[in-house]
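Peer 1: Okay, here's the structure, questions in a sec.
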């Protein structure tokens, strides 16, 4: 039986990278693989700077100590969900170098779920460190073709880079349920669900709903779901407090109208999250987040029969086309409002988009296909 070590950031909030690792760990065939988990601490950026580092360093040192046995496990495979900030490259790079120093063969797989590296000049120090780490691996996985091309351009051998699209662990609605949801919708329910970083598009979503609430038309319900999240890629708000106050003011303005209602849920997990998707007719993600990759929330919306409104940023076009979604050119509040209104008034188009998205998810992104891809990669690397 092969042994696989999984090294990944253990974050207290939702992370697409951590979620994809969890899905691999939870669904691999335990008759073929013995799994060992190496949980690395995440830097808690919501804490004051001094407090976050004083808390982080002792936890990091303990995590590195726990990695020592992995370095002596010569015939095992190491899977690293590699972060793409200086902090995470150091955090994940130290045990990765330890593993390679003790091994004669490359039994290392590095998985990339973010897109920071897409913006890096190959001469930057962070890019050079990143590339050195990737060259320690026998296989590097990315979620889409443009990421694969970028790594090849940065000097990673073509045969090393594999595309493994994301997935999600859900029970899909069937086509009858989707048709009934879209045809019999009263009121029309609209959902934004993601980490609340302003460049993910939640301000434009709420501004669009505010504009629609002032116009005549069918009654609509808007849900904003997600925790306020500090990010270096925020552009609009200086703090979570400022963002929270702005959200509350917009929610109040929408609720003062006779056409619309709005609610903010600071986060939802498990059944509570699935219920939101099941009830939603339209899912909106007008993201311009610079390092957007392949959002798991869009796959979840596809599996639950939502008509999707989104942008072409990152690797979104690798999971959706015009046949399955409405694409925004700029993602402005006015454009979001127009796209929502069109789908609110056209039940047949909502149903068509929702069914097309569901069918594509089942055909290309279902969990069993994802697990089969990973079983093949681990079998290849273990036999190297």
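Just so you know, all these numbers are worked out from the coordinates, no wet-lab data involved. In this text, all values refer to a predicted model and were calculated from it rather than measured experimentally. So basically every Cβ, Gly included, is an ideal-geometry build from the backbone, and we count neighbours across all protein chains shown.
Peer 1: So what's the projected area for the range 175-365, the Cα convex hull averaged over all directions, in nm²?
Peer 2: Mean orientational projected area (the range 175-365, Cα hull): 9.7 nm².
Peer 1: Give me the angle, in degrees from 0 to 90, between the Cα long axis of helix 240-255 and the longest principal axis of the Cα atoms of the chain, rounded to the nearest 10.
Peer 2: 30 degrees
Peer 1: Rg and Dmax of the range 256-367 over Cα atoms: what are they, in angstrom?
Peer 2: 13.9, 43
Peer 1: Largest first and to the nearest Å, give the Cα extent of the range 132-248 along each principal axis.
Peer 2: Answer, in whole Å and largest first: 58, 45, 22 Å.
Peer 1: Further question: Specify the angular offset, from 0 to 90 degrees and rounded to the nearest 10, of the alpha carbon long axis of helix 347-360 from the longest principal axis of the alpha carbons in the chain.
Peer 2: Tilt of helix 347-360: around 10 degrees.
Peer 1: Then there is this: Taking Cα pairs under 8 Å and at least six residues apart, what relative contact order does the range 136-253 come out at, in percent?
Peer 2: Result for the range 136-253 is 22 percent.
Peer 1: Given Cα pairs under 8 Å that are at least 6 residues apart, what percent is the relative contact order of the range 241-384?
Peer 2: RCO, the range 241-384: 20 percent.
Peer 1: How long are the semi-axes of the equivalent ellipsoid of the chain, defined as square roots of 5 times the Cα gyration tensor eigenvalues? Whole Å, largest first.
Peer 2: Over the Cα atoms of the chain, the ellipsoid semi-axes are 39, 24, 18 Å.
Peer 1: Sort 370, 56, 205 so that the residue with the fewest other Cβ atoms within 10 Å of its own Cβ comes first and the one with the most comes last.
Peer 2: 56, 370, 205
Peer 1: In a Gaussian network model over the chain where Cα atoms closer than 10 Å are linked, find which of 270, 314, 16 has the largest mean-square fluctuation.
Peer 2: Result for the chain, Cα springs under 10 Å: 270 fluctuates most.
Peer 1: Please order 237, 192 by the number of other Cβ within 10 Å, starting at the fewest.
Peer 2: The order, fewest Cβ neighbours first, is 237, 192.
Peer 1: Would you order 380, 159 from fewest to most other beta-carbon atoms within 10 Å of each residue's own beta-carbon?
Peer 2: Fewest-to-most Cβ neighbours within 10 Å comes out as 159, 380.
Peer 1: Sticking with this one: Taking the 0 to 90 degree range and rounding to the nearest ten, how far is the long axis of helix 202-213 tilted relative to the main principal axis of the chain, both from C-alpha atoms?
Peer 2: 10 degrees
Peer 1: Using only helices, what value at 222 nm comes out for the chain when you add -39,500 (n - 2.57) per DSSP H run of length 4 or more and divide by the total residues, to the nearest 500 deg cm²/dmol?
Peer 2: It lands at -13500 deg cm²/dmol.
Peer 1: State, as an integer percentage, the relative contact order of the chain based on alpha-carbon contacts under 8 Å between residues 6 or more apart.
Peer 2: After rounding, I find 17 percent.
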